[in-house]
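Structure record follows, encoded as structure tokens.
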Amino acid sequence: MKRLFLAFTLVAGMANTASAAELKVMTVGLVGSGLRTLTANWSQKTGNSVKLVIPPSALDQVLEAMKTQDADAVLLPMSEMPSQAAQFAPGTIRPIGRVVFGLGAKPGGPSPAIATAAAFKAALAGKRVLVNDPATSLNGRMAKAMLESPGFETVKVRGIYSAAAELVRSDADYVITVLPEEVTLSSLKLVGEVPPALGLKIDFGGGVTAKASQPELAAQFLAYLTSPQAAAVWKAGGVAAPIPLP
């Protein structure tokens, strides 16, 4: 009986290994650390592995990579989905979560009250603020556009790659970027979220690509990312999931 059990276990293990597959994924970087945790959890749960075709990257870099490299699933801002519809299998796009923006400072730096738009503008008056490079980053373009709106005339804005990580090495006072980039950095103090009235938020989702080699597995992966058990992991990484209702 013991030999029979061992033989059965060996055969079952070989079957699981044979059925395991590699899923190729691309994603924008704004999704934060939650995706890394969920990917590991899903791989452990299913026995399938996930390969990031490129590292989590700025939007423009992901869109360029989609033209030349194969992937089974891609995560993008929902605002980009209509223009990229031809890249996805029909009916497979799923909204996943929302990221808002935060104001970060150096450890030991100031912690002004910023709960209202008026207080936020007053806190930034005359200050030097880093944003992600607007040439390649959607959230950098959005932050820069806000800081060019009325009430921010005295703010000195600088676009730079990896703005949150670079704040500590710069002469800037603050950084404005998506919350998932701020909550995981020990070198950064989160002052607070940018007030909702200023409109800085990005909803993102994912879809199975039209040229996916593992379309069914990609659909299962996206279903897991939008499952109730995934919501707490997203939240810990600074993402509200599912996307809040208006």
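The values are calculated or read from the model by the stated rules, or taken from the named source; none is laboratory data. Computed from a prediction, not measured in an experiment: that's the story for all the values here. For neighbour counting, all protein chains shown are included, and Cβ atoms are generated from backbone atoms with ideal geometry for every residue, glycine included.
Just a few scattered comments:
- The listed residue being surrounded by fewer than 18 Cβ atoms within 10 Å (Cβ to Cβ) and touching a Pro at 6+ places or on another chain (Cβ under 8 Å), out of Asp203, Asp173: Asp203
- The residue that is nearest to the chain's Cα centre (by Cα), among those in the range 206-219 that are buried (at least 17 other Cβ atoms within 10 Å of the Cβ) and of a type in the set (S, T, N, Q), is Thr209.
- The set of residues in the range 226-246 that are in a helix (DSSP H, G or I) and over 15 Å from Ile202 (Cβ atoms) comprises Pro228, Gln229, Ala230, Ala231, Ala232, Val233, Lys235, Ala236.
- Members of the range 171-188 that are over 22 Å from Ala125 (Cβ atoms), of a type in the set (A, V, I, L, M) and not in a helix (DSSP H, G or I): Val178, Leu185
- Only residues that are of a type in the set (A, V, I, L, M), buried (at least 16 other Cβ atoms within 10 Å of the Cβ) and assigned to a helix (DSSP H, G or I) were counted across the range 113-164, and they come to 9.
- Boolean, Asp203 is touching a residue at least 40 places away in the same chain (Cβ under 8 Å) and farther than 26 Å from Ala236 by Cα: no
- For Arg128, the test of being among the basic types (Lys, Arg), touching a residue at least 24 places away in the same chain (Cβ under 8 Å) and under 22 Å from Pro107 (Cα atoms) is passed.
- Condition broken by Leu30, with the remaining ones in (1) modelled with pLDDT under 95; (2) outside the structural domain of Lys211 (by TED's automatic domain parsing); (3) of a type in the set (A, V, I, L, M) satisfied: (2)
- Close pairs from the range 35-51: first of a type in the set (Ser, Thr, Tyr), partner in a helix (DSSP H, G or I), Cβ under 7 Å, at least 6 apart: Thr37/Val233; Ser49/Ser43
- Against the test of being of a type in the set (A, V, I, L, M), at pLDDT below 95 and more than 21 Å from Pro112 (Cα to Cα), the options Ala223, Ala236, Ala241 yield a single qualifying residue, Ala236.
- Residue identified as more than 14 Å from Phe101 (Cα to Cα) and either of a type outside the set (Ser, Thr, Tyr) or in a helix (DSSP H, G or I) (or both) among Val191, Val168: Val168
Yes/no matrix, rows are residues, columns are (1) of a type in the set (Asp, Glu); (2) assigned to a strand (DSSP E or B); (3) surrounded by fewer than 18 Cβ atoms within 10 Å (Cβ to Cβ); (4) not assigned by TED's automatic domain parsing to the domain that holds Val175:
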{"site": "Val25", "(1), (2), (3), (4)": "no, yes, no, yes"}
{"site": "Leu38", "(1), (2), (3), (4)": "no, no, no, yes"}
{"site": "Gln44", "(1), (2), (3), (4)": "no, no, yes, yes"}
{"site": "Val50", "(1), (2), (3), (4)": "no, yes, no, yes"}
{"site": "Gln61", "(1), (2), (3), (4)": "no, no, yes, yes"}
{"site": "Glu64", "(1), (2), (3), (4)": "yes, no, yes, yes"}
{"site": "Ala71", "(1), (2), (3), (4)": "no, no, no, yes"}
{"site": "Ser79", "(1), (2), (3), (4)": "no, no, yes, yes"}
{"site": "Pro107", "(1), (2), (3), (4)": "no, no, yes, no"}
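- Test: residue in the range 185-200 that is under 15 Å from the mean Cα position of the chain (by Cα), of a type in the set (Asp, Glu) and either in the same structural domain as Arg128 (by TED's automatic domain parsing) or buried (at least 17 other Cβ atoms within 10 Å of the Cβ) (or both): no
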